[in-house]
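Q: Dumping the structure here so I can ask a few things about it.
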Amino acid sequence: YKDPVKYILAGFLILIIIAMIVPHYAVRLDPEPQNIPNIGKVLPLSIEIPENAPRDYQELVNPTNPTIKQIADTIAAQSCKQSRICHAKAVYYFVRDNINYVADPIGVEYLEDPIEVLSTAAADCESGAILLASLQEAVGVDAQLVFIPGHALVRISLPEARAKYKIGDYIYLDWTCKTCAFGEIPYKDIKAEKRILEV
């Protein structure tokens, strides 16, 4: 009577151990980027800031710009294997960790071209959001600019991403929140009134 119970318990414990080990070494459904480059490693040696850059949000988001495309591809290739989720994370962490938040002077609203943001490594929330949206679009992730009172951020559409990252159908990204992980935004911004701009 006691022997079969021991075998059943031993078999059950072995199944639990296998269930814990196999997912760790199996294919990752939610990969994390590794070795995200810093801004000095992705910026071309000679970078030209456009003199007469457009000052419209939609025109400034330019994922087809060769420099933006090269930088986005470098971030994605160096940080991830083939996964749009991992690429989106790597781009977000790159902007969050390499661009410093600097507010515009009071009463002045200046939109910087993404190349200018990269060359100075500083931006206000709108210009940084434009850079983030440009890089996300350059790696094949649909991005939109989100405006809330006094602030701007980005939301992306990744249907294959896990629900834990999403608010509704979108993943919100606030590059100015230096402690926010991918898909996290400050609590006060979740319920704020939002104006969405398709780019």
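The values are calculated or read from the model by the stated rules, or taken from the named source; none is laboratory data. Nothing here was measured: the structure is a model prediction, and the numbers come from that model. All Cβ positions, even for glycine, are placed from backbone atoms using ideal geometry, and neighbour counts span all protein chains on display. With ligands, DNA and RNA removed, areas are computed over all heavy atoms of the protein, side chains included. Shrake-Rupley method; radii C 1.70, N 1.55, O 1.52, S 1.80 Å.
Q: May I ask which residue of 13, 199, 154 lies farthest towards the positive end of the charge dipole of the chain, with charges of +1 (Lys, Arg) and -1 (Asp, Glu) on Cβ and the Cα centre as origin?
A: Toward the positive end, the furthest listed residue is 13.
Q: What are the semi-axes of the equivalent ellipsoid for the chain, taken as the square roots of 5 times the Cα gyration tensor eigenvalues, largest first, in whole Å?
A: Values: eigenvalues 333, 77, 35 Å².
Listed largest to smallest, the semi-axes of the chain are 41, 20, 13 Å.
Q: Calculate for the chain the 222 nm mean residue ellipticity that helices alone would give, adding -39,500 (n - 2.57) per DSSP H run of length 4 or more and normalising by residue count, nearest 500 deg cm²/dmol.
A: The helix contribution divided over the chain gives -13000 deg cm²/dmol.
Q: Return the loop-located trypsin sites (Lys or Arg not before Pro) in region 48-137 (DSSP other than H, G, I, E, B) with at most 12 other Cβ atoms within 10 Å of their own Cβ; answer none if there are none.
A: Here the trypsin sites (Lys or Arg not before Pro) that fit, given the DSSP loop and packing criteria, are 55, 81.
Q: Now, a different point. In the chain, which cysteines lack any other cysteine Cβ under 4.7 Å from their own?
A: Cysteines of the chain left without a disulfide-compatible partner: 125.
Q: Express the accessible area of the chain per residue in Å², computed with a 1.4 Å probe while the remaining protein chains stay in the model.
A: Each residue of the chain exposes 57 Å² on average to a 1.4 Å probe.
Q: Still on this model: What order do 79, 157 take when sorted by accessible area (1.4 Å probe), most exposed first? Before the final figure, lay out each step's value.
A: Details: 79 5, 157 35 Å².
Most to least solvent-accessible, the answer reads 157, 79.
Q: Please state the Cα pair-distance histogram of region 112-165 with 10 angstrom bins from zero: what percent is in each bin?
A: For region 112-165, the binned pair fractions read 25, 46, 25, 4 percent.
Q: Using a simple charge model, +1 on the beta-carbon of Lys and Arg, -1 on the beta-carbon of Asp and Glu, nothing else, what dipole does region 111-178 show about its Cα centre, in debye to the nearest 20?
A: Dipole of region 111-178, to the nearest 20 debye: 440 debye.
Q: Starting from the amide H of residue 142, placed 1.01 Å from N in the peptide plane, find each other amide H under 5 Å away whose residue is 5 or more places distant or on another chain.
A: The list, which skips near neighbours in sequence, is 157.
Q: Okay, moving on. Within the chain, what is the longest stretch that has no chymotrypsin sites (Phe, Trp or Tyr not before Pro) placed in a DSSP loop and near at most 14 other beta-carbon atoms within 10 Å?
A: 2-109
Q: Could you work out the local net charge near residue 185, counting Lys and Arg as +1, Asp and Glu as -1, over the other residues with Cβ closer than 13 Å to its Cβ?
A: Neighbourhood net charge equals +4.
Q: With a 1.4 Å probe and all protein chains left in place, how much of the accessible area of the chain comes from carbon and sulfur atoms, in whole percent?
A: 57 percent
Q: Here is a follow-up. Within the set 81/194; 69/188; 69/178, which residue pairs have Cα atoms separated by over 28 Å?
A: Working: 81/194 34 Å; 69/188 33 Å; 69/178 24 Å.
Those over the limit are 81/194; 69/188.
Q: Helix by helix, which DSSP H runs in the chain go 24 Å or more along their axis at the Cα atoms and have an average Kyte-Doolittle hydropathy of -0.5 or more?
A: 2-25
Q: Right, something else. Normalising by the residue count of the chain, find the relative contact order in percent from Cα pairs under 8 Å and 6+ residues apart. Working shown, then result.
A: Details: 306 pairs, mean separation 39.4, N = 199.
It comes to 20 percent, rounded to a whole number.
Q: Just the ratio, please: alpha-carbon radius of gyration of region 108-199 over 2.2 N^0.38 Å, N its number of residues. Display every interim value, and only then the final one.
A: Numbers: Rg = 12.8 Å, N = 92, 2.2 N^0.38 = 12.3 Å.
Region 108-199 yields a ratio of 1.04.
Q: Let me ask something else. Based on Cβ point charges of +1 for Lys and Arg and -1 for Asp and Glu, what charge dipole magnitude is obtained for the chain about its Cα centre, in debye rounded to the nearest 20?
A: 1320 debye
Q: Which GluC sites (Glu not before Pro) in region 85-130 sit in a loop by DSSP (not H, G, I, E or B) and have at most 12 other Cβ atoms within 10 Å of their own Cβ?
A: Working: sites: 109, 112, 116, 126; in loops: 109, 112.
Counting only loop positions with at most 12 other Cβ atoms within 10 Å, the GluC sites (Glu not before Pro) in region 85-130 are 109.
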